[in-house]
Structure formats: structure tokens, C-alpha cells
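Undergrad: Okay, here's the structure, questions in a sec.
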Amino acid sequence: MPEPLAPEPLVPEPATPEPLVTVVGVGADGWAGLPGPSREALLTAGVVVGSERQLALLGGAVGAERVPWPTPLLPALQGILQSHRGSGLVVLASGDPMFFGIGASIVRRLGPAAVRVLPHPSAVSLACARLGWPVQDVDVVSLVGRPLETIHPAVQPGRRLLVLVSDADGAAEISSLLRERGYGPSAVTVLEQLGGPAERVVRGTAATAATAHAPHDPLAVLAIECVAEPATVPLPRSPGLPDDEFDSDGQLTKREVRAVSIAALAPVPGQLLWDVGAGSGSVGIEWMRTHPACRAVAIEPRADRRERIARNARTLGVPALTIVDGAAPAALRGLPAPDAIFVGGGVSGAGVLDACVAALRPGGRLVANAVTVQAEGVLAAWHARLGGTLVRIAIQRAAPVGSFTGWRPALPVTQWSYLR
Ligand SMILES: C[S@@+](CC[C@H](N)C(=O)[O-])C[C@H]1O[C@@H](n2cnc3c(N)ncnc32)[C@H](O)[C@@H]1O
């Protein structure tokens, strides 16, 4: 009989089971809204840890010692878990503890077998209930601890978004970003204190939100129905954005070659790309736009280009792109292992392709582009040595020739792609 396929536990289970930590999701209605098992856990707890707001929601119902989270929380988490674990520890979380919540951070540290999670409806479930939106048709973006621009790839005509925000200016800031991107007619609804006695729902559009919604209660979800102005051209998540969406000093893998290169790199959700000699950052940026879980490192020795890459990453909605100062192969040392590597220029640099090939794990992809005869020779030699695919991409764009139109050729690109 084959072994059943089970997800690998993040932390090995200990030989002697340690006391469980219980994580209880609590809503804005506090004790009154808690189901029986969550109340039972709190009534039998020795210590209850939570934010000041969450602890206050319990009122006088719970007799356990109350410990407020320190700020910042994450560096202190392990120590707090260790010191109170043996005393019947219950941790409070807002809504569903496994949805952008402390539950996930605790499970990462202790392993799933050591944690009992008692969820409450999440802010997304409550918002969808109020709006009549099917949860599965909504894109969720959390801006808690993340830059505002993270929202860009999700803004697409006709899409419904729920945005988690961490302060009272969320609606005004997002509305101004929507207007700037040509999405001013979008409906923006602020849903405050969902499930609690102070619940409030305020409807408006991105055009009115700055006045209608500002400032709102900081415990709020924004519901956005994206409506583009007639002249707005959508920016899809699929690679091959127009070249002028990127600020560039000419160091840009052009649209058609970029689309072919990223197709060969084969972005898979959650995987990591090294963009070696990133120039304007377009390949790493478009790799990350394909899925919110995709990650990329742009390696670039020139400071002006690194600044430009950071700007492009923000404008195109992937501010989490990591930018590394340095040149390959030296700058590659110590980087997290990649799933795919793109070398857009500098393939003839000493040791560059050797280091890239060596960094690939089984299943990893390498795509290297060349425009000079010398670089093409390097790729041909690697192709002869390791196999893979060698293609030549010749693009011609229609352009005016006097009063007529002719084909203006770009320098042909030789591309070697290799699957380890
Ligand atoms: C770190 S996330 C945690 C989400 C939580 N685990 C859940 O399931 O809803 C915190 C954000 O969720 C949203 N949120 C949580 N509870 C809410 C409520 N009762 N009403 C409105 N928004 C809420 C706010 O945007 C808040 O900044």
C-alpha cells in the first residue's frame, strides 16, 4: 500500500506532548458573541494573552491572569509562549486566528499539533454577509503592515476587493490611489466594527471617499467594486506589460521578449526568482505580479538603477520585491535558493552562468538572454554542454517610413533556457 500523501509538519512533533496552547478568535461583540467551546476555554484558562482591545472585550467574565501583548509583538512571541505554556495558556485573536492572524504565527513556532484553534467568523466573512457577496468571488488584500501599493495588481475592471486596513486613513488613501489609476468611479464601502455594537457601513465612490469616509474607525474593511474610466487600459497580471509602464534608462527587457522569457521561467505560486542584472526590474516585477505568493530578488550593482527598480516595483504593485546591491557571481552568494533564474544581460561575465547553474535545484529553470555575438557564443557553449532550448527571438515593429509604414527590427535576442 502506498503511503498516504500528508503535508509535512513545519515543526517535528515532540516525543513527550507539551501542553496545548489554545487560540480563541473573538469578534467585536466580545464575550456575548463567543460560542460555547471558546467560552469554556477562556473560563478554564490560567493565563489569557491578547491585545489591550481584545482583553477589554472579555469584560469581567474571565478570571484568568491577563497579559497584554508587548509592542512589537513578534520578537516577544516565543518568550511569552514559553513562559505561560504550562499554565493553561489561551491567546486571543481577532476573528479567524488563521486568517492574517496570530494563530498562524504561533503554529509556525510550535507546530500544528501543539495548538488548538477556535475560530470566529473573519472580517471577510462578516463583510460578505453584509454585502451579499459570495466569499469565493472576492479578492482579499491585507494592507496591515504592508505598503498601500500592494493593492495594484488586484485592481482590475469588474473585480470585487475586500481590503484590510490598519488605520483611519485607509479609505482616503486607497480612493486617491484608485483615482490616480483611472478607477475613480469605483464603489468604495467602509465597513467599521463589524459584528459589534458600533458597526457602521458607509457607502461612496473613490471620487467621494476622501470627504465621505475620512477618517473612519481604524477597525474597518473596505469593499471595492472596481470600475474603470472609459480611457483606462487594464494592466493584466499576465506578463508582457507595455514597455512604457516601466521607468527605464533603456535597460529594459522589451515587452515581447519579456513575455517569452517569463513564460520560459514558468512562474509557480510561492516560488522565488533571481533577476540577475535586473536593470529596470521588469522581469522580477512581472514574475511577482503573476501571483501574490511569487517572490523575487533583483540583483543590480548600480544605485540609480536600484532606485528605479524600487520605484517600478511600487508603481506596479509589488513593493515586496527584494533588491540586492552587487554584481553576479559575488552578489549571489548567500541569497535564498531560487526556483528560477533570469540573466537578462552580462551572460559573458566570468563565472556568472556557472554560479547560476550551480544554484539551481532539481526542477529549477534558468533563462539567459544575449544580444551580442560573444554572449551568444557563451550560450551556445552552455547549450552544447547541458542541453536545454536555444531560440532566437526577432521582433519587428511597424513604424513610419516617410508617409508609409515599414518594419523596424529590434536587435535579435538569443535565449537559452535550461530545466535542471
Ligand atoms: C491582522 S487582520 C486580522 C483579521 C482577522 N484575523 C479576521 O479574521 O478578521 C486585522 C484587520 O482585519 C480587519 N478587521 C478585523 N476585525 C474587524 C471587524 N470586526 N470589523 C471590521 N474590520 C475588521 C481590519 O481591517 C483589521 O485591520
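Undergrad: So for region 343-352 (the condition being part of a helix (DSSP H, G or I) and within 32 Å of the chain's Cα centre (by Cα)), does at least one residue qualify?
TA: yes
Undergrad: Could you list all residues from region 81-117 that are under 22 Å from R39 (Cα atoms), more than 12 Å from the ligand (Cβ to nearest atom) and open to solvent by less than 30 Å² (accessible area, probe 1.4 Å)?
TA: L81, R85, L89, V90, V91, I106, V107, A114, V115
Undergrad: Right, something else. Need pairs with beta-carbon distance below 6 Å; first residue touching a residue at least 40 places away in the same chain (Cβ under 8 Å) and within region 83-94, second part of a helix (DSSP H, G or I); sequence gap 6+ or separate chains.
TA: Correct list of pairs: V90/A41; V90/L42; L92/Q54; A93/I102; A93/G103.
Undergrad: Select from region 137-164 the residues that are open to solvent by less than 20 Å² (accessible area, probe 1.4 Å) and among the β-branched types (V, I, T) and list them in ascending order.
TA: Result: V138, V141, I151, V155, V163.
Undergrad: State which residue pairs qualify: first residue over 30 Å from L366 (Cβ atoms) and inside region 389-415, second residue open to solvent by 70 Å² or more (accessible area, probe 1.4 Å) and basic (K, R) in any location, beta carbons under 9 Å apart, and separation of 6 or more residues or different chains.
TA: Close Cβ pairs satisfying both conditions: A398/R408; A399/R408; V401/R408; W407/R397; R408/R397.
Undergrad: Just to be sure, is L126 open to solvent by less than 60 Å² (accessible area, probe 1.4 Å) and more than 10 Å from the ligand (Cβ to nearest atom)?
TA: no
Conditions tested, residue by residue: (1) of a type outside the set (D, E); (2) surrounded by 20 or more Cβ atoms within 10 Å (Cβ to Cβ).
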position	(1), (2)
A278	yes, yes
G284	yes, yes
E300	no, yes
A303	yes, no
G344	yes, yes
A350	yes, no
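Undergrad: So which residues in region 267-293 are of a type outside the set (S, T, N, Q), in contact with a Pro (Cβ under 9 Å, 6 or more places away or on another chain), closer than 20 Å to E245 by Cα and not in a helix (DSSP H, G or I)?
TA: Those that are of a type outside the set (S, T, N, Q), in contact with a Pro (Cβ under 9 Å, 6 or more places away or on another chain), closer than 20 Å to E245 by Cα and not in a helix (DSSP H, G or I): G277, H291, P292.
Undergrad: If a residue has to be within 14 Å of the ligand (Cβ to nearest atom) and over 18 Å from A172 (Cα atoms) to count, how many in region 194-242 make the cut?
TA: Qualifying residue count for the region: 6.
Undergrad: Run P242 past the list (1) within 30 Å of P409 (Cα to Cα); (2) at pLDDT 95 or above; (3) surrounded by 15 or more Cβ atoms within 10 Å (Cβ to Cβ) and report the number of the one that doesn't hold.
TA: Going through the list (1) within 30 Å of P409 (Cα to Cα); (2) at pLDDT 95 or above; (3) surrounded by 15 or more Cβ atoms within 10 Å (Cβ to Cβ), P242 breaks only (3).
Undergrad: Same structure, new question: Select from region 205-231 the residues that are surrounded by fewer than 16 Cβ atoms within 10 Å (Cβ to Cβ) and of a type in the set (V, I, T) and write down the one among them that is modelled with the lowest pLDDT.
TA: T211
Undergrad: Return the residue satisfying two criteria in turn: it lies in region 239-270 and is of a type in the set (V, I, T) and farther than 11 Å from E286 by Cβ, and of such residues it is nearest to the chain's Cα centre (by Cα).
TA: Of everything passing the filter in region 239-270, V268 is nearest to the chain's Cα centre (by Cα).
Undergrad: Follow-up. Which ones in region 143-167 are aliphatic (A, V, I, L, M) and within 11 Å of the ligand (Cβ to nearest atom)?
TA: Hits for region 143-167 are L143, V144, L162, V163, L164, V165.
Undergrad: Which pairs have Cβ atoms under 7 Å, sit 6 or more apart or on different chains, and link a residue in region 190-204 that is farther than 18 Å from A214 by Cβ and open to solvent by 40 Å² or more (accessible area, probe 1.4 Å) to one that is near the ligand (Cβ under 10 Å from one of its atoms) and among the charged types (D, E, K, R)?
TA: Within 7 Å, the pairs are E199/E192.
Undergrad: A further question on this structure: Testing S261 on (1) free of Cβ contacts under 8 Å to residues at least 24 places away in the same chain; (2) assigned to a helix (DSSP H, G or I); (3) out of contact with any Gly (no Cβ under 7 Å at 6 or more places or on another chain), one condition comes back false. Which one is that?
TA: Of the numbered conditions (1) free of Cβ contacts under 8 Å to residues at least 24 places away in the same chain; (2) assigned to a helix (DSSP H, G or I); (3) out of contact with any Gly (no Cβ under 7 Å at 6 or more places or on another chain), the odd one out for S261 is (1).
Undergrad: Confirm whether D139 is within 13 Å of the ligand (Cβ to nearest atom) and either without any contact (Cβ under 8 Å) to a residue 12 or more places away in the chain or on the phi < 0 side of the Ramachandran plot (or both).
TA: Judged against the criteria, D139 is not a match.
Undergrad: Here is a further query. Go through (1) surrounded by 18 or more Cβ atoms within 10 Å (Cβ to Cβ); (2) within 16 Å of the ligand (Cβ to nearest atom); (3) not polar (S, T, N, Q) one by one and return the number of the condition L265 breaks.
TA: Exception for L265: condition (2).
Undergrad: Additional query: Under the condition of being open to solvent by 20 Å² or more (accessible area, probe 1.4 Å) and polar (S, T, N, Q), which residue from region 307-341 is nearest to D243 (Cα to Cα)?
TA: Filtering region 307-341 for residues that are open to solvent by 20 Å² or more (accessible area, probe 1.4 Å) and polar (S, T, N, Q), the one nearest to D243 (Cα to Cα) comes out as T315.
Undergrad: Which condition breaks for E173 when tested against (1) within 14 Å of the ligand (Cβ to nearest atom); (2) under 19 Å from V233 (Cβ atoms)?
TA: E173 satisfies all of (1) within 14 Å of the ligand (Cβ to nearest atom); (2) under 19 Å from V233 (Cβ atoms) except (2).
The values are calculated or read from the model by the stated rules, or taken from the named source; none is laboratory data. The model shown is predicted, which means the values in this text are computed figures rather than measured ones. Neighbour counts run over all protein chains shown; Cβ positions are idealised from the backbone, glycine included. Just the protein is used for accessible areas: all its heavy atoms, side chains included, with ligands, DNA and RNA removed. Shrake-Rupley method; radii C 1.70, N 1.55, O 1.52, S 1.80 Å.
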